[in-house]
Amino acid sequence: MSIRIGIGSWADDEYRGVLYPPKLPAKDRLRAYAQIFDHVEVNSTYYGAPKPDTVKKWIGETPPNFLFDIKLHRIFSVSPKSANPVEGKRDLLGYTLERLEPLIEAKKLGVFLLLLTRFGPDKHSLAELDTLVRRLRPFSLAMELRDPAWVAGKTRAVTLKACRDAGIALVNVDMPLGPEFFPVLDEITNPKLAYLRLHGRNRAGYLKGGSAAEQHHYPYSDAELKELAARVRKIAKTAKDVRVVCNNHAEDFAPRAALALKKLID
């Protein structure tokens, strides 16, 4: 069993004084981050594939056991079928894998993360992921659904079975409670991997549709962190590897939550 706790950034200025000294140059922050945590969820890949020199820099600044979990490009969030190459157009997935090849060779590629935030069963089917799943099969794939309709009523069993059959780790979330939000499930759809993302519980921030910083503006309390630590321990009983990502990215809330959880779990 392996539990890796981390966050989705190492470069935010707000993390000075929490993860590294206040005057540490930005270029040295990943090295400092990797002295505390053993994985990170890379957000920049959601917008574009990294440059080869960037990937080599990541490898050189992290210890051998450090892993990078890679967010898949936002194009796949809108249409997972985009993983099916079209003649005459660039194969984005192939291009991404090519750029990540040094990370793969260094055995520092962790999990591919697919975010399906505006993807509901009223207009879509999980069969749309078939090509993406097939092409990523040598690697671990985690998928975060946001539409609660995927796990409502009879649809829930269908969704969980589809994830299990495809070997996809359905991302479990912590976020505000209510019918508008994806519920607490703690379902393990791939016994090799469990993925938990902590978005904070700022209900008003989510409902008013503000910026990501407004949505995630939530410092977890000590009591809530103890509750989350218990969730992690429970999940870890049925999954070989567990990822916990503090995604309450506002001010310095994410690193503080991750540090506290790491202490509680250790």
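The values are calculated or read from the model by the stated rules, or taken from the named source; none is laboratory data. Bear in mind the structure is a predicted one, so any value in this text is a computation, not a measurement. All Cβ positions, glycine included, derive from the backbone under ideal geometry; neighbour counts span all protein chains shown. Side chains are part of the model used for accessible areas, which takes the heavy atoms of the whole protein and leaves out ligands, DNA and RNA. Shrake-Rupley method; radii C 1.70, N 1.55, O 1.52, S 1.80 Å.
Here are the numbers for the structure shown:
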| read-out | value |
| --- | --- |
| Some residue of the range 238-245 being among the small types (Gly, Ala, Ser) and more than 18 Å from the chain's Cα centre (by Cα) | no |
| Residue list for the range 71-88, restricted to those being assigned to a loop (DSSP other than H, G, I, E, B) and either touching a Cys at 6+ places or on another chain (Cβ under 8 Å) or among the charged types (D, E, K, R) (or both) | 87 |
| Single residue of the range 42-94 satisfying the filter (touching an Asp or Glu at 6+ places or on another chain (Cβ under 7 Å) and either of a type in the set (Phe, Trp, Tyr) or without any contact (Cβ under 8 Å) to a residue 40 or more places away in the chain (or both)) that is most open to solvent (accessible area, probe 1.4 Å) | 65 |
| Complete set of residues in the range 117-130 that are over 30 Å from residue 66 (Cα atoms) and either open to solvent by less than 10 Å² (accessible area, probe 1.4 Å) or assigned to a loop (DSSP other than H, G, I, E, B) (or both) | 118, 119, 120, 121, 122, 123, 124, 125 |
| The lone exception for residue 30 - which of (1) out of contact with any Leu (no Cβ under 9 Å at 6 or more places or on another chain); (2) within 24 Å of residue 242 (Cα to Cα); (3) assigned to a helix (DSSP H, G or I); (4) open to solvent by 40 Å² or more (accessible area, probe 1.4 Å) it fails | (4) |
| Residue list for the range 133-161, restricted to those being among the aliphatic types (A, V, I, L, M) and in contact with a Ser or Thr (Cβ under 8 Å, 6 or more places away or on another chain) | 145, 149, 151, 160 |
| Verdict on residue 153 being at positive phi and not aromatic (Phe, Trp, Tyr) | yes |
| Cβ-Cβ under 6 Å pairs, at least 6 apart or on other chains, the range 99-112 side over 12 Å from residue 64 (Cα atoms) and in contact (Cβ under 8 Å) with a residue 24 or more places away in the chain, far side of a type outside the set (D, E, K, R) and open to solvent by 40 Å² or more (accessible area, probe 1.4 Å) | 111/140; 112/139 |
| Selection from the range 76-95 of residues that are touching a strand residue (DSSP E or B) at 6+ places or on another chain (Cβ under 8 Å) and not hydrophobic (A, V, I, L, M, F, W, C) | 77, 80 |
| Whichever residue in the range 136-192 is hydroxyl-bearing (Ser, Thr, Tyr) and over 15 Å from the mean Cα position of the chain (by Cα) and, among such residues, is most open to solvent (accessible area, probe 1.4 Å) | 155 |
| Lone unmet requirement of (1) part of a strand (DSSP E or B); (2) in contact with a helix residue (DSSP H, G or I) (Cβ under 8 Å, 6 or more places away or on another chain) for residue 41 | (2) |
| Single match in 174, 186, 130 (criterion: over 22 Å from residue 247 (Cβ atoms) and acidic (Asp, Glu)) | 130 |
| First in the range 128-148 and at negative phi, second anywhere and of a type in the set (S, T, N, Q) and at pLDDT below 95, Cβ under 7 Å, 6 or more apart | 131/84; 146/117 |
| Members of the range 94-116 that are under 15 Å from residue 47 (Cα atoms), hydrophobic (A, V, I, L, M, F, W, C) and either modelled with pLDDT under 95 or in a helix (DSSP H, G or I) (or both) | 97 |
| Output for the range 207-256, where each listed residue is over 15 Å from residue 15 (Cα atoms), crowded, with 16+ Cβ neighbours inside 10 Å and among the charged types (D, E, K, R) | 224, 231, 241, 243 |
